[in-house]
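Q: I'd like to ask you about the structure that follows.
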Amino acid sequence: MTAIPYALLRPLLFCLDAEAAHDLTLEALARTQRTPLAWAYGTRLVSDPVTVAGLRFPNRVGLAAGLDKNARCIDALGAMGFGFVEVGTVTPRAQPGNPKPRMFRLPQAQALINRLGFNNEGLAAFVANVQRSSFRASGRVLGLNIGKNASTPIAQAADDYLLGLDAVYPHADYVTVNISSPNTHHLRELQSDAALDALLARLDERRTALRRTHGRQVPLFVKIAPDLDETQVGLIAHSLLRHGMDGVIATNTTLARDAVHGMPNAAESGGLSGAPLLQPSNQVVRQLRHALGKDFPIIGVGGILSAQDAISKIQAGADLVQIYTGLIYQGPELVYRSAQAIRAHRQQVVG
């Protein structure tokens, strides 16, 4: 448990506009990390080590990309008990993202809608922040998530991803290629068969060169959308295997609104996250596991609001899980409870 229960803070944060509360929280975390004040949100790390994609994770619960786009709060977020933290999405050049307002709560559904649009300060600032962090030195795993600028034509998207890979490779334990945000125009077209093949071929070629230059292999993951049918998932799985990708993250936010129809803010455009995403994302995880076989690394993300939700991701076929919206609704205690529950579940299955 944290020193200051999140249940006391959440009503205050929820009085603010969603993005204002987000920014205020990140600013507080950035100022207090690596100081004695981090005790306020620090949570004991659950030990449940596992090796995935050649990396040793202290436990199976991580932070999903999107919360800390500029990598300002890595150490503070790590103090919340995550076995791994993923930051970004970062684009080569700084960009403001989409016009405000662009982030909306749906408390009745324990959900969020965002259309932030990869707002970030660019690669140089991102890498500088990563270098200041001590998280990796503590033995935990850091993922760096890369994307393309909104102004870059989709036909030239691979150039942006290669710039991102070059910059973050020396500082990452793994790199995630984000081709599934619904908030960058045409980005999800990169999930189509031919486009994905072309992109992954270029990334694999560049990764080979970077491995020789830096003398280390950095796993490459691809993050996909939940709004795919089984045939599309199968084609993506085939491309991941053909181009030697090291893992897949399933899933990003959804464009579907069936589960929140009629609720305040439900008609806002953007990606829906939170509880309504649990079953759709679990379905994609199951389909991926079937298509990829038992050993291919899968990180399951989407809709984890309880320890049982986290277990459901593992049961669907995920090796690891990530949390984002659940942290906003439940606080750091969710990290500890989820990691404990997954450990107990796996011990029971093995036993």
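Computed from the coordinates by the stated procedures, all read-outs in this text should not be read as laboratory data. Quick caveat, the model's predicted, so the values are computed rather than measured. Cβ: placed from backbone, ideal geometry, glycine included. Neighbour counts: every protein chain shown.
Q: Give the span of the stretch 91-161's Cα atoms along each principal axis, as three whole-Å numbers ordered largest to smallest.
A: Computed over the Cα atoms, the extents are 40, 35, 18 Å.
Q: Please report the relative contact order for the chain, taking Cα pairs under 8 Å with a sequence separation of at least 6, and give it as a percent rounded to a whole number. Working shown, then result.
A: Working: 737 pairs, mean separation 62.0, N = 351.
Relative contact order for the chain comes out at 18 percent.
Q: Ok, one more. Please arrange TYR174, TYR6 by counting, for each residue, the other beta carbons lying within 10 Å of its beta carbon, fewest first. Before the final figure, lay out each step's value.
A: On the way: TYR174 24, TYR6 18.
With the sparsest Cβ surroundings first, the list reads TYR6, TYR174.
Q: Then there's this: Using amide H atoms built 1.01 Å from N in the peptide plane, name the residues 5+ places from ASN120, or on other chains, whose amide H lies under 5 Å from its own.
A: Amide H to amide H, under 5 Å and 5 or more residues apart or across chains, ASN120 pairs with GLN95, GLY97.
Q: Using a ≥ b ≥ c from the Cα gyration tensor of the stretch 268-351 (square roots of the eigenvalues), is it rounded, prolate or oblate, where a/c under 1.5 gives rounded and otherwise the larger of a/b and b/c decides, a/b for prolate?
A: Oblate.
Q: I want to verify the translational diffusion coefficient of the stretch 197-351 in µm²/s; compute it with Stokes-Einstein, Rh as the Kirkwood radius over Cα pairs, at 4 °C and 1.567 mPa s.
A: On the way: Rh = 16.8 Å.
Rounded, D is 77 µm²/s.
Q: Over the stretch 102-232, what is the mean sequence separation of C-alpha contacts under 8 Å (at least six apart), divided by residue count, expressed as relative contact order in percent? List each step's numbers first, then the result.
A: Details: 142 pairs, mean separation 29.8, N = 131.
Reported as a whole number, the value is 23 percent.
Q: If you don't mind, another one. Kindly work out what percent of the DSSP beta bridges joining two residues of the chain are antiparallel, to the nearest 5.
A: Working: 13 of 41 bridges.
So the antiparallel bridges amount to about 30 percent of the total.
Q: Could you tell me the center-to-center distance, by alpha carbons, between the stretch 259-278 and the stretch 158-204 in angstrom?
A: If you average the Cα positions of each part, the centres end up 26 Å apart.
Q: Check GLY247: other-chain or 5+ apart residues with amide H under 5 Å from its amide H, H built from backbone geometry?
A: LEU220, VAL222
Q: Quick check for the chain: number of Lys pairs with alpha-carbon distance under 24 Å, counting only pairs 8 or more apart or on different chains? The partial results should precede the final answer.
A: Numbers: LYS69/LYS100; LYS69/LYS148; LYS69/LYS223; LYS100/LYS148; LYS148/LYS223; LYS223/LYS294; LYS223/LYS313; LYS294/LYS313.
So the count works out to 8.
Q: Over all directions, what mean area does the Cα convex hull of the chain project, stated in square nanometres?
A: Details: hull surface 63.8 nm².
If you wrap the Cα atoms of the chain in a convex hull and average its projections, you get 15.9 nm².
Q: Could you state the number of Å between the C-alpha centres of the stretch 227-254 and the stretch 27-78?
A: Answer, in whole Å: 27.
Q: What helices in the chain pass both tests, a Cα length along the helix axis of 24 Å or more and a mean Kyte hydropathy of -0.5 or higher, using whole DSSP H runs? All intermediate terms of the calculation are to be shown ahead of the outcome.
A: Numbers: long enough: 193-214 (31 Å, -0.60); 333-350 (26 Å, -0.36).
Taking the DSSP H segments of the chain (at least 24 Å long, mean hydropathy at least -0.5), we get 333-350.
Q: List, in order, the whole-Hz ³J(HN,Hα) value for each residue of the stretch 178-185 obtained from phi through the Karplus relation with A = 6.51, B = -1.76, C = 1.60 and θ = phi - 60°; use x for Gly and Pro.
A: Listing the rounded values in order: 8, 10, 10, 5, x, 9, 10, 3 Hz.
Q: If you don't mind, there's one more thing I want to ask. Along its three principal axes, how long is the stretch 32-155 when you only count alpha carbons? Whole Å, largest extent first please.
A: 43, 37, 31
Q: Could I ask something else about it? Which residues' amide hydrogens lie under 5 Å from the amide hydrogen of ASN70, considering only partners 5 or more residues apart or on another chain, with H built in the peptide plane?
A: Correct list: GLY88.
Q: Also, I was wondering about something else. What shape does the stretch 178-246 have by the C-alpha gyration tensor, where a ≥ b ≥ c are the square roots of the eigenvalues, rounded means a/c under 1.5, and otherwise prolate means a/b greater than b/c and oblate the rest?
A: Details: a/c = 2.35, a/b = 1.81, b/c = 1.29.
Prolate, because a/c is 1.5 or more and a/b exceeds b/c.
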